[in-house]
Amino acid sequence: MLNSIRAQLTLWYMGIMALVIIASAAAIYLLVARNLSRTVDENLTEIGQSIEANLHNEEADLVAERLMLLDPNSKERDEPEEDEQKKPNEPEFQTIEDAISEEISDLRFRAYGFTVLDQNGKLIAATVADIKLLDALEKLPETSSFADVAGVDTVFRVHRRTFILEGKPFRLSVTRSTAEQTDFLSSLRKVFSISIPVALLLTGLSGYFLVRRSLAPVVSMSEQAAKIGSSNLNERLPVKKENDELGELAHAFNALLSRLESSFEQQKRFMADASHELRTPLAIVRGEAEVALLKEDRTADEYRESLSIVHDESRRLSKIVEDLFILARADSGQLKPQFEPVYLDEILAECVRAVATLAEKRDITIEFLPAAEMPIICDEMLLHRLFLNLLDNAIKYNREGGTVSIAAESAENNYAVTVSDTGLGIASEDKARIFDRFYRADKARSRDNTNGKHGVGLGLAIAAWIAYVHSGTLRLARSDSEGSQFFIELPINRS
Ligand code: ADP
């Protein structure tokens, strides 16, 4: 199950989405937490600053008040009756510590607490009730302007400022409980702990359905492909969308099926044609043997006649089997040409010599003017067969007393050989097919064995294959009522 592409894609999708979601959630959480504590710190600082400014004002007021108390005129003018018990030369001064304590106790900031310590660490004013916090504030090192301090039930964020009043340093601490902040962050964590798994589940499900939908054509293609066998090679895969990747895959697969079908058809035709061609000579051999065996008293001439027929048909059978063997090995890639340096002019001369007797029988003249030396890298045996097949045809399909001409010349990198005859030519409708296997232009005539025309239609197919494996070409250059001309081009060197 996990090996299926569907499961693997879904897991990948889920994994990547999990990374993205968790990373985003973590980033959001950190950002919120940082913003919250920055806002708290800013508020603490602002409040601390304003208290410090107030205390400085208090200090100024105090100085002014003292000056007034020391000035008898102003005292009489300002407070004539009220302060009767006090002696005029003993004015009562309010200390700065008292002023601070008064100012601090008057402060009304919800959720904020304040303490002021003097230079000896003595608590002058406090609106903080938490004993643990108070205790910790007294012990806090002087250097830190912000700190987290544990109270009885909660942790406090503390901002500390040192300022000088009347030449004495004081330390103000503004505190605020972090409970609200912690609660908010813990709610955020709770939301994430529920929403992330839900989001992942939804992602997984949607990913699975998406992948399933996208791979559905592949599944149907593979099901369809599994049904295609040798008996229904004509069937094709459905192509839903022409231009997407799966459409291209289906097209490529269908093209492969077409190629397979045509080569399968070719093989079937080849087998059928081959067995058909083998059946005729075998039937003749068997028939002839049966006739010879049936009759008890037969003359020596009659036996010779029968044996001669059996001999001819056996030769024909051997030729067919040999040709089939060449083509079968060529198709399977087993027949590898053995390239070696030889002379083309010598190969042509040998082939002309080999068909001389056949030509003589039909009173056919072979015109071949040995050309200059033509060195070539080729498979000698295969080239022999190529030219023998062409010469054999040029004689077989020639008129009695006709001519066969062979000319060879060298071009820049190639040798061009032409084999011409003075036969009846090939009908236009046959020209395109004479290189096909088992194709005979005039079947009735080709089967007619009386003048040696007993081809099976493999000669030109083999010749064309030999030219092909030599990186050359073989084509029918001309064919009309005057005769036919075949043109062979072979590269001189193999690169
Ligand atoms: P085959 O064994 O029948 O000769 P080939 O493959 O050599 O088979 O030739 C295929 C067919 O092409 C022949 O049956 C014949 O009808 C035609 N053909 C080939 N060469 C010639 C030629 N020189 N002149 C006329 N017809 C030819």
(message) Take LEU460 and tell me if it is more than 8 Å from the ligand (Cβ to nearest atom), modelled with pLDDT of 95 or more and surrounded by 20 or more Cβ atoms within 10 Å (Cβ to Cβ).
(response) no
(message) For segment 116-148, give me the residue count where each residue is free of Cβ contacts under 8 Å to residues at least 40 places away in the same chain, loosely packed, with under 13 Cβ neighbours inside 10 Å and more than 60 Å from the chain's Cα centre (by Cα).
(response) 10
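Does ILE406 qualify as being open to solvent by 40 Å² or more (accessible area, probe 1.4 Å), of a type in the set (Val, Ile, Thr) and either outside any loop (DSSP other than H, G, I, E, B) or free of Cβ contacts under 8 Å to residues at least 24 places away in the same chain (or both)?
So ILE406 does not fit the description; no.
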(message) What are the pairs with Cβ atoms under 7 angstrom where one residue, in segment 456-485, is farther than 15 Å from CYS378 by Cα and of a type in the set (A, V, I, L, M, F, W, C) and the other, located anywhere, is assigned to a helix (DSSP H, G or I) and away from the ligand (no atom under 12 Å from the Cβ)? Sequence gap at least six, or different chains.
(response) ILE462/ILE326; LEU474/ALA467
(request) Considering only residues that are among the β-branched types (Val, Ile, Thr) and more than 10 Å from the ligand (Cβ to nearest atom), look in segment 390-421 and name the one that is farthest from PHE435 (Cα to Cα). (result) THR403
(request) Quick one: which strands (runs of 3 or more DSSP E) lie wholly within segment 138-177 and hold at least 1 residues that are within 22 Å of ASP98 (Cα to Cα) and aromatic (Phe, Trp, Tyr)? (result) 155-165, 168-177
(message) Here are the criteria: (1) exposed (fewer than 13 other Cβ atoms within 10 Å of the Cβ); (2) over 30 Å from ALA226 (Cα atoms). Tell me which single one GLU245 does not satisfy.
(response) (2)
(request) Scan segment 37-48 for residues that are open to solvent by 50 Å² or more (accessible area, probe 1.4 Å) and touching a residue at least 60 places away in the same chain (Cβ under 8 Å) and jot them down. (result) ASN43
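So for segment 327-340 (the condition being outside any loop (DSSP other than H, G, I, E, B), of a type outside the set (Asp, Glu) and touching a Leu at 6+ places or on another chain (Cβ under 8 Å)), does at least one residue qualify? I'd like the intermediate steps shown before the answer.
Of all residues in segment 327-340, those outside any loop (DSSP other than H, G, I, E, B) come to 327-332, 340.
Filter once more, keeping what is of a type outside the set (Asp, Glu): 327-330, 332.
Keeping just the survivors that are touching a Leu at 6+ places or on another chain (Cβ under 8 Å) gives 327, 329.
Yes; the residues of segment 327-340 include at least one that is outside any loop (DSSP other than H, G, I, E, B), of a type outside the set (Asp, Glu) and touching a Leu at 6+ places or on another chain (Cβ under 8 Å).
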(request) List every residue pair whose Cβ atoms sit under 8 Å apart, with the two residues 6 or more apart in sequence or on different chains, where the first one lies in segment 274-295 and is under 21 Å from ILE320 (Cα atoms) and polar (S, T, N, Q) and the second, anywhere, is open to solvent by 40 Å² or more (accessible area, probe 1.4 Å) and in a helix (DSSP H, G or I). (result) THR280/ARG447
(request) Give the residue that is nearest to the chain's Cα centre (by Cα), with candidates limited to residues of segment 368-389 that are in a helix (DSSP H, G or I) and more than 15 Å from the ligand (Cβ to nearest atom). (result) LEU382
(request) Name, by its number, the condition in (1) within 60 Å of the chain's Cα centre (by Cα); (2) over 17 Å from LEU44 (Cα atoms); (3) surrounded by 13 or more Cβ atoms within 10 Å (Cβ to Cβ) that does not hold for ASP183. (result) (3)
(request) Could you please find all residues in segment 486-495 being touching a residue at least 24 places away in the same chain (Cβ under 8 Å) and more than 8 Å from the ligand (Cβ to nearest atom)? (result) PHE487, ILE488, GLU489, LEU490, PRO491, ILE492, ASN493, ARG494
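The values are calculated or read from the model by the stated rules, or taken from the named source; none is laboratory data. In this text, all values refer to a predicted model and were calculated from it rather than measured experimentally. FYI the Cβ positions are ideal-geometry reconstructions off the backbone, even for glycines, and counts take in every protein chain you see. Areas reflect the complete protein model, heavy atoms only, side chains present, ligands, DNA and RNA absent. Shrake-Rupley method; radii C 1.70, N 1.55, O 1.52, S 1.80 Å.
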